[in-house]
Structures are given as C-alpha cells and as structure tokens.
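A short worksheet on the structure shown next.
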Amino acid sequence: MTKKARRRIALKVPFVTRLEGEGSLELSAKGNRIDKLHLAIFEPPRLFEKFLEGRGYQEVPDLNARICGICPMAYQLTSIQAMEQLFGIRLPVPLVQLRKLMNLGEWVQSHALHIHFLAAPDFLGFDHALAMAKEYPEVLQRGMQLQEAGNALMALLGGRSVHPVGLQVGGFGRLPDDARWHEVRGQVQQALPAAEALVRWTAELALPDYGHDFTWVSLTEPDAYAINGGRITCSTGLSLDYSEYAHHFAEHQEPHSTALYSLLDGEDYLVGPLARMNNGFERLSAEVRALARDCGLEFPSRNMFTSIQARALEIYWALFEASRLLAEECPTGEASLPVTSRAGECCCCTEAPRGMIYHHYRLDERGRVLSCSIIPPTSQNQARIEQDLRASVTRFGLDHSDQELKLFCERLIRNYDPCISCSTHFLQFRLRRE
C-alpha cells in the first residue's frame with residue numbers, strides 16, 4: 001500500500017453547487033476498498049405530512065405546492081387525483097387534457113433548468129453557468145427560451161408558474177381565456193426547434209459510461225407516455241396498482257440522514273426521466289422516436305449519465321404534446337365539477353419531473369385529513385444514489401486526488417437532479433483514507 005493510500009484525510013466543503021438542498025457525502029476507504037459511503041441529509045424534516053392533519057381537502061393542494069418551488073404542480077395534482085378517486089369524481093376529457101398540459105409545462109421548465117444551468121457546466125468543463133455563458137451564450141439562451149415556454153404553460157392554467165393556484169379537487173378554479181391560449185400556442189411552437197436542437201446537442205456530448213445493473217420504476221400506460229397516471233411498472237416485471245404500493249415499497253430511517261429511505265422489496269431502485277424512458281420509449285410519439293433514433297439515442301440505458309439525454313427527449317416530447325393539445329380550440333364551459341366529500345382512504349401516483357410521487361390520505365366524513373403519507377422522488381432515489389456512488393467511484397479509482405473524487409461524486413449525483421429539500425443544500429464532503 002502506498003504512502004498516499006495510507007494517509008487519513010477529512011475534506012469538508014460547505015455545499016455542492018448546482019443542486020437543490022443541503023446534505024453531505026462521507027466516504028471512508030482503505031486502500032482500494034470503500035468501507036463507508038453515506039449520502040447524509042442533515043436538512044431539518046419538512047413535516048408536511050403532520051401539519052396537513054386536520055386540514056380540509058380544499059386546503060391540501062395549495063399547501064402541497066409549497067413542498068417544492070420547482071415542481072409544485074406534481075404535488076398538488078397527486079393529492080387532488082387521490083381525493084377525486086375517493087369522492088367518485090370523474091373529470092371530462094377536456095379538463096383531464098388541461099391538467100396534462102399543465103404538467104407538461106412543469107416538466108419542460110424543470111428539465112430546462114437542470115440541463116442548461118446545473119448539468120451543462122459539467123459536460124462543458126466549467127464550475128458554474130455564469131462562467132460557461134461567456135463561451136457558450138447560446139446554450140443558456142436556449143435554456144431560457146425553453147424554460148419560459150414551460151413557465152407559460154404553467155401560468156396559463158395555474159395563474160402563475162411558481163406555486164400555481166388554479167388546480168382544485170373537481171377541476172380548475174377557472175379556464176384560460178382565448179387570447180392567452182393562442183399566445184401560449186405560439187410560444188410553444190417557437191420553442192419546438194430549440195427543443196429539437198437540444199436533443200441533438202445532448203446526443204453529441206461525450207458522456208462517461210459507468211453503467212451497471214439496477215432496477216428502475218415508473219408509471220406506464222398501454223398507449224401513451226405516462227405522466228399523470230398509469231400502473232407502477234418495474235424493470236423486474238412487477239406491475240402494480242396504486243393500492244398495492246405499500247405492499248412492496250417501504251420507507252426506513254438511516255442514522256446518517258434526516259430523510260427517509262425508500263426500498264422496493266428491500267432493494268434500491270431508480271425513478272425519474274431515465275426510468276421513464278427505459279420503460280416507455282416505445283410509447284413516445286412516432287415523431288419523437290424518429291428524432292431519437294436519428295440522433296443515435298437508444299433506450300433502455302443503464303448509464304446514469306444518459307439521464308441528460310432522457311431529459312432532453314422528454315422536453316421535446318412535452319412540447320410536441322403541448323403543441324398538439326393547444327392546436328384545439330380554447331376549452332369553454334364549466335371549470336370544475338361539484339364535490340361531495342366522504343370518509344375513507346385514497347392514494348395516487350403521478351410523475352414529477354424528477355420521478356414518481358406517491359400520496360396516501362385518510363379522510364374523515366367532512367374531508368379533513370386524518371393522516372397522510374407523501375413520498376417524493378428524491379427519497380426514493382437516495383439508496384440508488386449511494387449504490388451508484390459505491391460502484392462508480394470504485395471503477396473511477398480511489399487513487400485519484402481528493403478534489404478529483406469530490407468533483408466526480410458531485411457530477412454523478414447531479415445525474416439524479418436531486419431535490420434534497422423536498423425529501424426532508426449539498427455538499428459537505430468527507431473522505432478518510434487508511
């Protein structure tokens with residue numbers, strides 16, 4: 001064993017840039033063997049599940065939006081759809097399509113932010129987006145155009161793009177006006193070429209390959225790329241209804257983290273864009289699949305670095321779908337259906353930008369929350385991130401310097417686009433060598 005390998009090092013960095021939330025990574029190694037690797041989340045628990053207790057069903061969606069400022073609509077919609085199932089509400093197709101339009105916008109804005117401002121510096125060799133802007137201004141300009149298109153779709157139906165207020169149990173507070181509908185239609189059409197250019201750009205990136213076997217989970221539908229519902233589908237062949245979720249998925253506490261870990265039948269698993277693309281590529285629109293194949297993109301993929309390509313392809317698909325929906329006339333009529341609350345239990349899953357969300361509620365006869373469980377994507381990905389780090393860092397080589405190891409770990413973790421705040425600002429890094 002070399003002198004370098006025997007030295008003990010404790011390296012601390014206040015936070016990892018280009019991630020949402022605070023946490024730390026602790027890695028201990030003896031020679032070329034990792035003894036301990038913990039993705040520790042020390043951010044205080046959010047306690048959303050507890051302070052929702054006693055709230056009426058009407059309050060839950062707006063409160064849930066505060067869980068995340070990047071994907072508020074997904075948290076709203078999952079709770080709304082769960083309660084609508086319990087109350088026996090079946091929305092007409094136009095309202096279902098409007099909700100899909102809104103969720104498509106959230107995917108676009110979140111993915112555009114991650115790719116252009118958080119991930120791109122990794123692939124272009126910069127510490128941050130501002131430094132990258134001097135040499136690649138067109139990359140950030142494209143990102144802003146795409147994010148603005150996503151924001152417009154969110155605001156069209158939610159009143160605003162952050163913490164939208166338009167959704168409610170039974171439908172919407174109001175329908176969009178015709179002028180704004182046509183304005184957003186034009187904005188989406190103008191963004192489509194930028195989305196296509198983004199897919200081609202990601203296809204040309206030199207991506208590291210630290211692929212290995214893992215299990216992935218997402219929602220799927222028979223004839224569509226799932227976003228607002230579907231069956232829980234695992235790469236192992238498991239296919240579940242929402243009501244079966246708790247029989248296979250379980251959370252537990254790890255001493256080093258304030259956020260709960262979620263396992264599938266005792267094993268780690270992946271949720272998010274790559275999981276969705278692995279399960280649903282053949283259900284994408286023919287035009288989207290044609291673009292992917294023209295660029296040489298292939299799914300399923302077991303290389304987490306291809307997540308940037310999966311996100312880019314989802315942006316193009318989302319804008320393509322939004323353009324198709326906006327080509328119809330602006331909906332008119334009632335914005336919502338009447339609601340009659342009832343007591344009981346309900347649950348639902350939808351796909352947030354970062355992956356599948358699960359909500360379970362128990363309500364009294366007045367529609368007040370007695371108890372609830374909300375499992376965000378990052379909680380589900382925590383164990384998978386740790387296992388990925390363990391395998392990939394070993395392949396990368398522990399003989400690299402502390403700084404090289406730190407940067408490699410940060411870059412790998414950013415593949416998952418974790419929203420650490422939602423799961424309870426990253427990265428304090430500790431490395432011990434013996």
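The values are calculated or read from the model by the stated rules, or taken from the named source; none is laboratory data. Fair warning: this is a prediction, and the values are worked out from it, not measured in the lab. A quick note on method: Cβ atoms are made from the backbone with ideal geometry, for glycine too, and the neighbour counts reach across all protein chains shown.
Residue by residue, here is whether (1) of a type in the set (S, T, N, Q); (2) closer than 22 Å to Arg293 by Cβ holds:
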| residue | (1), (2) |
| --- | --- |
| Asp223 | no, yes |
| Thr233 | yes, no |
| Gly237 | no, no |
| Tyr242 | no, no |
| Glu251 | no, no |
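Scan the stretch 279-301 and give yes if some residue there is surrounded by fewer than 22 Cβ atoms within 10 Å (Cβ to Cβ), closer than 24 Å to Ile375 by Cβ and of a type in the set (S, T, N, Q), otherwise no.
Among the residues of the stretch 279-301, not one is surrounded by fewer than 22 Cβ atoms within 10 Å (Cβ to Cβ), closer than 24 Å to Ile375 by Cβ and of a type in the set (S, T, N, Q), which makes the answer no.
Are there any pairs with C-beta distances below 8 angstrom linking a residue in the stretch 153-165 that is in the same structural domain as Val60 (by TED's automatic domain parsing) to a residue that is surrounded by fewer than 21 Cβ atoms within 10 Å (Cβ to Cβ) and of a type in the set (Asp, Glu), with the two at least 6 apart or on different chains, and if so which?
His163/Asp62; Val165/Asp62
Do you know which residues across the stretch 66-79 are within 19 Å of Ser336 (Cβ to Cβ) and surrounded by fewer than 24 Cβ atoms within 10 Å (Cβ to Cβ)?
Within the stretch 66-79, none qualify.
Looking at the stretch 242-261, is at least one residue under 29 Å from Gly296 (Cα atoms) and of a type in the set (Asp, Glu)? Explain how you work it out, then say what you get.
As a first pass, look at the stretch 242-261 and keep what is under 29 Å from Gly296 (Cα atoms): none.
Scanning the stretch 242-261 turns up no residue that is under 29 Å from Gly296 (Cα atoms) and of a type in the set (Asp, Glu).
Every residue in the stretch 250-263 that is surrounded by fewer than 19 Cβ atoms within 10 Å (Cβ to Cβ) and within 16 Å of Thr215 (Cα to Cα), please.
Ala250, Leu263
Residues that are under 28 Å from Gly280 (Cβ atoms) and of a type outside the set (A, V, I, L, M), at least 3 per element: which helices (runs of 4 or more DSSP H) completely within the stretch 114-217 meet that?
On the way: elements: 120-124, 129-135, 137-158, 178-203.
Hits in the stretch 114-217: 137-158, 178-203.
Taking the stretch 365-391, which residues are in a strand (DSSP E or B), in contact with a helix residue (DSSP H, G or I) (Cβ under 8 Å, 6 or more places away or on another chain) and β-branched (Val, Ile, Thr)?
Scanning the stretch 365-391 gives Val369, Ile374.
Residue-wise test of (1) basic (Lys, Arg); (2) out of contact with any strand residue (DSSP E or B) (no Cβ under 8 Å at 6 or more places or on another chain); (3) under 16 Å from Glu106 (Cβ atoms).
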position: Gln145; (1), (2), (3): no, yes, no
position: Glu148; (1), (2), (3): no, yes, yes
position: Ala155; (1), (2), (3): no, yes, yes
position: Gly166; (1), (2), (3): no, no, yes
position: Gly170; (1), (2), (3): no, no, no
position: Arg174; (1), (2), (3): yes, yes, no
position: Asp178; (1), (2), (3): no, yes, no
position: Leu192; (1), (2), (3): no, yes, no
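Every residue, every condition in (1) modelled with pLDDT under 95; (2) in contact with a Lys or Arg (Cβ under 8 Å, 6 or more places away or on another chain); (3) within 29 Å of Leu25 (Cβ to Cβ); (4) assigned by TED's automatic domain parsing to the domain that holds Ile67, yes or no:
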| site | (1), (2), (3), (4) |
| --- | --- |
| Glu221 | no, yes, no, yes |
| His248 | no, no, yes, yes |
| Asp265 | no, no, yes, yes |
| Tyr269 | no, yes, yes, yes |
| Gly280 | no, no, no, yes |
| Arg293 | no, no, no, yes |
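The conditions are (1) of a type outside the set (Lys, Arg); (2) under 21 Å from Ser110 (Cα atoms); (3) in contact with a Lys or Arg (Cβ under 8 Å, 6 or more places away or on another chain), and Ala327 fails exactly one of them. Which is it?
Against the list (1) of a type outside the set (Lys, Arg); (2) under 21 Å from Ser110 (Cα atoms); (3) in contact with a Lys or Arg (Cβ under 8 Å, 6 or more places away or on another chain), Ala327 comes up short only on (2).
Given Glu321, Glu314, which one is in contact with a Ser or Thr (Cβ under 9 Å, 6 or more places away or on another chain) and either in the same structural domain as Leu101 (by TED's automatic domain parsing) or at pLDDT 95 or above (or both)? Walk me through it before giving the result.
On the way: Glu314 fails: in contact with a Ser or Thr (Cβ under 9 Å, 6 or more places away or on another chain).
Being in contact with a Ser or Thr (Cβ under 9 Å, 6 or more places away or on another chain) and either in the same structural domain as Leu101 (by TED's automatic domain parsing) or at pLDDT 95 or above (or both) holds for just one of Glu321, Glu314, which is Glu321.
Got a number for residues in the stretch 343-382 being of a type in the set (Ser, Thr, Tyr) and under 13 Å from Phe87 (Cα atoms)?
Kept after step one, since they are of a type in the set (Ser, Thr, Tyr), are these residues of the stretch 343-382: 350, 358, 361, 371, 373, 378-379.
Now drop any that are not under 13 Å from Phe87 (Cα atoms), which leaves 361.
Total meeting the criteria: 1.
Which residue pairs have Cβ atoms closer than 8 Å, lie 6 or more positions apart in sequence or on different chains, and pair a first residue in the stretch 50-79 that is assigned to a helix (DSSP H, G or I) with a second residue that is of a type in the set (Phe, Trp, Tyr)?
Final answer for the pair search is Val60/Tyr361; Leu63/Phe48; Leu63/Phe51; Asn64/Phe48; Asn64/Tyr75; Ala65/Tyr75; Thr78/Tyr358; Ser79/Tyr361.
Being among the hydrophobic types (A, V, I, L, M, F, W, C) and modelled with pLDDT under 60 is the filter; apply it to the stretch 12-51 and report the residue that is surrounded by the most Cβ atoms within 10 Å (Cβ to Cβ).
Val16
Would you check if there is a residue in the stretch 94-105 being crowded, with 23+ Cβ neighbours inside 10 Å, part of a helix (DSSP H, G or I) and of a type in the set (Val, Ile, Thr)?
So far as the stretch 94-105 goes, no, none of its residues is crowded, with 23+ Cβ neighbours inside 10 Å, part of a helix (DSSP H, G or I) and of a type in the set (Val, Ile, Thr).
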